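A.B. asks: Dropping a structure here in structure tokens format, bear with me for questions.
The values are calculated or read from the model by the stated rules, or taken from the named source; none is laboratory data. As the structure is a prediction and not an experimental result, all values here were calculated from the model. Quick reminder, even Gly has a Cβ in these numbers, built from the backbone with ideal geometry, and neighbours come from all protein chains shown. For the accessible areas, the whole protein counts, side chains as well, though only heavy atoms, and no ligand, DNA or RNA atoms are used. Shrake-Rupley method; radii C 1.70, N 1.55, O 1.52, S 1.80 Å.
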Amino acid sequence: AMPKAGGTYYFLDRALGPLFGTIGGLGSWVAVIFKSAFALVGMGAYLSLYIDVPVVALAVILTVVFGLVNTFGAKETTLLQRILVGTLVVILAAFTILGLSETGLADSWQPNAGDEAFFSGGVVGFISTIGLVFVSYAGLTKVASVAEEIQNPDRNIPLGMVLSLITATAIYTMGTLVIINLLPPEELHGSLTPVADAGEVFLNWVPADLGIILIVVAAIAAFASTGNAGILSASRYPFAMAKDKLVPVRFAKIGRFGTPTFAIMVTVGTMIAVILLFDVEAVAKLASAFQLLLFGLVCLAVIVMRESRIASYKPGFKSPLYPWMQVAGILISFWLIVEMGILSIGFTGMVVIVCAFWYQFYASGNLQRRGAIFHIHERLGQMRYEGLERELMTIIHDRTQDQNLSYENLVARCVVHNYRVGSYSRDMLVEEVKNVAHSAFEIERDDLDAVFSSGPASLNPLSERVMLVYRSHESIKRPELIVFRFSEQTKVAIEGFEDVHTIMVLICPRTPAGLDLRLAGHLAEVVQSYDFDRRWLSATSDKDMNEILMRDDHFLHAPIHDFPYLEQHV
């Protein structure tokens, strides 16, 4: 619905407000850094089996290397991720299949000492362990943090999340069953390389230790992909927050390779500090609790966005079983946090408090933005941020580039009426719309009556003095636009909109779905462009007004000599 950089931060900010956005953004940044640092230490542990270099030193070197890869661009990072994850999944799938066959679990369940130890802590121990290892799944949603750089986000973001969840769950579950059935509990507890140790038990028939080498390669690929993707996603949180003035604006600076270089550098530097100063394993486990808190807040944000009923909130994918899926997500997340113990709860609370203090003393005085939660409170007289509706409308065109040409055709056909004197009520303007649409666009009177019979047409602000009415109906064949421009001598007799100088009426067909919002988004872009009011009110002809309404980002600016035909005929 909102494919912008920052993912969890952006969604929480626009749904629950900038305070929760700050908690989500800074907290996610810290949690992902801890997890990624933990992964790179794990990678260093495996590499140290073959390279005589301390684990911590290897982890620091790897952090710098992956930071440089991310600096060169998301495309290069993505290519590396494909190689790493492809290698990882193939090898771990083979490990799991062969391991299940070796242990007999592929044929029937045969409990052994490992199974008993698995549940030795009872239900409470089992649930608290789920909370501890939850950080392993936290990366599944981090694709949303780079949503702004993803093609076709409506399809690819939910598809990527679902496929990742299925793959990771299958490999984690089956792989863990293999390991606990092959290694004694005390040996497993003390192992830094448990998959390789389990592989030694049943892959001894592979010549030249090739089986163990492949497992080490898979482990390295797993840790490398986590560390690499962690830097990619973590750096986008301060980048997105800087654009919203929640952290210093320098974090939003784009480098020569089109990436947020400063945000990446600070992220890499912080990861190195974590690796050198902290017990990374312990800190990564504490970060699990905060990830659970974020998942609970995101579930709440989905409910808030749905119930806000903002017309321009049009997600391309909707979660099933609403709202029960979200309610379950909230309750389970907080239940797991409680079961993880006082230390995890304290860490989560400390992060929340620090983020809240940062927002209060750094950002709160400079912001007027509000979340969609104020739209829910509208009936209670609460303030709502109208700019959010306009912002969401302007986002729509980024996801629907194929529909952009509809806008140019719409403006080319539109009718503009100038009113220089008189007073005009809502009913008078609706009747004028029907007259214009019938005479200029040949829409039947009965169809027009049906369009406006579903209730009074509401005015949606595109700016402080420009309003938009958009209605859709199955009887309309193509979109049409009618514009009323009022001079200073006229009066708009509509309560609350007396200072409006322009009202635009957009009539659209029902299909394709969302066409009215796409066109409204284009109009919002134009109206909110620099110096629009002066240029629009000073236009004296229909041609001038049409040119102002045309978006200028469809024009190509380039030297003439790049186009030989034009050069010859200039």
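A.B. asks: Mind checking whether some residue in the stretch 32-40 is within 30 Å of Ser312 (Cα to Cα), open to solvent by less than 30 Å² (accessible area, probe 1.4 Å) and under 16 Å from the mean Cα position of the chain (by Cα)?
C.D. replies: No: the stretch 32-40 contains no residue that is within 30 Å of Ser312 (Cα to Cα), open to solvent by less than 30 Å² (accessible area, probe 1.4 Å) and under 16 Å from the mean Cα position of the chain (by Cα).
A.B. asks: Give the residue, chosen from Leu294, Leu300, that is open to solvent by 10 Å² or more (accessible area, probe 1.4 Å), of a type outside the set (Val, Ile, Thr) and at pLDDT 85 or above.
C.D. replies: Among Leu294, Leu300, only Leu300 is open to solvent by 10 Å² or more (accessible area, probe 1.4 Å), of a type outside the set (Val, Ile, Thr) and at pLDDT 85 or above.
A.B. asks: Still on this structure, please answer the following. Only one of these is assigned to a strand (DSSP E or B) and within 38 Å of the chain's Cα centre (by Cα): Val469, Val500, Val411, Val416. Name it.
C.D. replies: Val469
A.B. asks: Turning to a different aspect of this structure: Find the residue count for the stretch 282-321, including only residues that are of a type in the set (D, E, K, R) and more than 25 Å from Leu523 (Cβ to Cβ).
C.D. replies: 4
A.B. asks: Working carefully through the options His377, His473, find the one that is of a type outside the set (A, V, I, L, M), more than 22 Å from Lys4 (Cα to Cα), modelled with pLDDT under 65 and surrounded by fewer than 19 Cβ atoms within 10 Å (Cβ to Cβ).
C.D. replies: His377
A.B. asks: Starting from residues that are small (Gly, Ala, Ser) and touching an Asp or Glu at 6+ places or on another chain (Cβ under 9 Å), keep the ones in the stretch 1-41 and report whichever is nearest to Gly296 (Cα to Cα).
C.D. replies: The qualifying residue nearest to Gly296 (Cα to Cα) is Gly24.
A.B. asks: Run Leu165 past the list (1) open to solvent by less than 70 Å² (accessible area, probe 1.4 Å); (2) in a helix (DSSP H, G or I) and report the number of the one that doesn't hold.
C.D. replies: (1)
A.B. asks: Listed residues Gly25, Gly99; which is surrounded by 24 or more Cβ atoms within 10 Å (Cβ to Cβ), of a type outside the set (Val, Ile, Thr) and farther than 17 Å from Arg236 by Cβ?
C.D. replies: Gly99 is the lone residue from the list that is surrounded by 24 or more Cβ atoms within 10 Å (Cβ to Cβ), of a type outside the set (Val, Ile, Thr) and farther than 17 Å from Arg236 by Cβ.
A.B. asks: Could you list, in sequence order, the residues of the stretch 198-227 that are open to solvent by 40 Å² or more (accessible area, probe 1.4 Å) and in a helix (DSSP H, G or I)?
C.D. replies: Matches in the stretch 198-227: Glu200, Val201, Pro207, Ala208, Asp209, Leu210, Ile213, Leu214, Val217, Phe223, Thr226.
A.B. asks: Of all residues being closer than 18 Å to Ala524 by Cβ and modelled with pLDDT under 75 in the stretch 542-559, which is most open to solvent (accessible area, probe 1.4 Å)? Just the residue, please.
C.D. replies: Per the stated criteria, the residue is Asp552.
A.B. asks: Take the conditions assigned to a helix (DSSP H, G or I), more than 20 Å from Leu294 (Cβ to Cβ) and at pLDDT below 85 and apply them to Ser233. Does it pass?
C.D. replies: For Ser233, the condition - assigned to a helix (DSSP H, G or I), more than 20 Å from Leu294 (Cβ to Cβ) and at pLDDT below 85 - is not met.
A.B. asks: Give just the number: which of (1) open to solvent by less than 50 Å² (accessible area, probe 1.4 Å); (2) out of contact with any Phe, Trp or Tyr (no Cβ under 9 Å at 6 or more places or on another chain) does Ser487 not satisfy?
C.D. replies: All conditions are met except number (2).
Okay, residues lined up against (1) assigned to a loop (DSSP other than H, G, I, E, B); (2) closer than 30 Å to Leu462 by Cβ; (3) touching a Cys at 6+ places or on another chain (Cβ under 8 Å):
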residue: Phe257; (1), (2), (3): yes, no, no
residue: Phe262; (1), (2), (3): no, no, no
residue: Gly269; (1), (2), (3): no, no, no
residue: Ser288; (1), (2), (3): no, no, no
residue: Lys314; (1), (2), (3): yes, yes, no
